[in-house]
1. Would you mind checking which residues have amide H under 5 Å from SER11's amide H? H placed 1.01 Å from N; only 5 or more apart, or other chain.
2. Shape of segment 1-105 from its Cα gyration tensor (a ≥ b ≥ c, root eigenvalues): rounded if a/c is under 1.5, otherwise prolate when a/b > b/c, or oblate?
3. About the Cα centre of segment 60-109, how large is the charge dipole given +1 on each Lys and Arg Cβ and -1 on each Asp and Glu Cβ? Please answer in debye to the nearest 20.
4. What residues have an amide H closer than 5 Å to that of MET107, excluding those fewer than 5 places away on the same chain, when H is modeled at 1.01 Å from N in the peptide plane?
5. So if I place +1 on the C-beta of Lys and Arg and -1 on the C-beta of Asp and Glu, and nothing else carries charge, what would the dipole magnitude of the chain be about its Cα centre? I want it in debye, nearest 20.
6. Tell me, what ³J(HN,Hα) does each residue in segment 58-66 have, in order and in whole Hz, if you take phi through Karplus 6.51 cos²θ - 1.76 cosθ + 1.60 with θ = phi - 60° and put x for Gly and Pro?
7. Relative contact order of segment 79-167, please, whole-number percent, based on alpha carbon pairs below 8 angstrom and at least 6 residues apart.
8. Using the Cα gyration tensor of segment 25-161, with a ≥ b ≥ c the square roots of its eigenvalues, what is the shape: rounded (a/c below 1.5), prolate (a/b larger than b/c) or oblate (neither)?
Amino acid sequence: MAKLKVGVLISGRGSNMAALIRAAAAPDYPAEIACVVSNVADAGGVTIARDAGIATAVIPHRNFSDREPFDRAVSAELENHGVGLIALAGFMRIQSPWFPTHWSGRMINIHPSLLPAFPGLRVQQQALDAGVRISGCTVHFVTPELDAGPIIAQAAVPVLAGDTADTLAGRILRQEHRLYPQVVRWFAEGRIRLDSGKVEMAGIPQGATLLFSAEP
Ligand code: GRF
């Protein structure tokens with residue numbers, strides 16, 4: 001069967017993108033990374049993608065007067081590559097409503113908290129300030145409201161005494177690298193879809209959409 005073509009949008013170091021590239025290197029993985037688009041020219045992830053032989057495009061948002069023309073340029077690039085799923089991976093641009101509407105049900109994001117707790121930025125510091133004992137990451141469909149789309153899967157980790165935003169971020173990131181390739185696999189296998197604003201799943205074992213790691 002033809003593999004699902006995935007477009008990854010990044011703005012920075014691209015470790016989640018790299019995890020997707022690694023997963024997609026397995027012959028039986030049902031998706032391929034068709035292109036990586038960055039709005040930041042010197043994003044570390046662009047070099048990683050190029051070195052892996054993946055098509056990359058840099059589309060600086062500063063070249064556009066408004067959000068929607070930028071979004072349409074990014075979208076056109078993805079469509080040129082026949083992308084069937086967009087995976088946002090540290091893409092630091094607020095999108096115009098047009099983008100998630102156009103790609104509704106075909107765009108996912110990974111966020112380093114157990115949403116709906118702690119959307120937005122400085123997420124780990126928010127978690128530490130709130131004193132939560134557990135945090136993690138969330139993969140969700142993207143909707144026009146920031147970090148608020150229907151949740152597909154989560155991975156949980158403990159918050160440990162002495163954690164800083166950095167140590168907590170590192171613990172969560174290790175789980176992000178497990179969770180994101182798993183969700184992309186399910187999507188490519190046709191096991192997950194968005195239906196009238198709700199996530200419909202088929203053939204995913206009960207409990208598989210929550211990972212837990214007690215690793216320090
Ligand atoms: C990750 O923590 C991701 O959850 C968030 O931005 C960060 C991106 O890191 N959306 P990387 O570029 O994938 O390393």
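What follows draws every value from the coordinates through simple rules; no lab data is involved. Values in this document were obtained by computation on a predicted structure and should not be read as measured data. So basically every Cβ, Gly included, is an ideal-geometry build from the backbone, and we count neighbours across all protein chains shown.
1. PHE91, MET92
2. oblate
3. Value, rounded to 20: 120 debye.
4. Excluding prolines and chain starts, which carry no amide H, the hits are ILE86, VAL142.
5. 200 debye
6. These are the phi-based 3J(HN,Hα) values: 9, 10, x, 5, 5, 6, 10, 6, 8 Hz.
7. Computed value for segment 79-167: 27 percent relative contact order.
8. Cα axes put segment 25-161 in the prolate bin.
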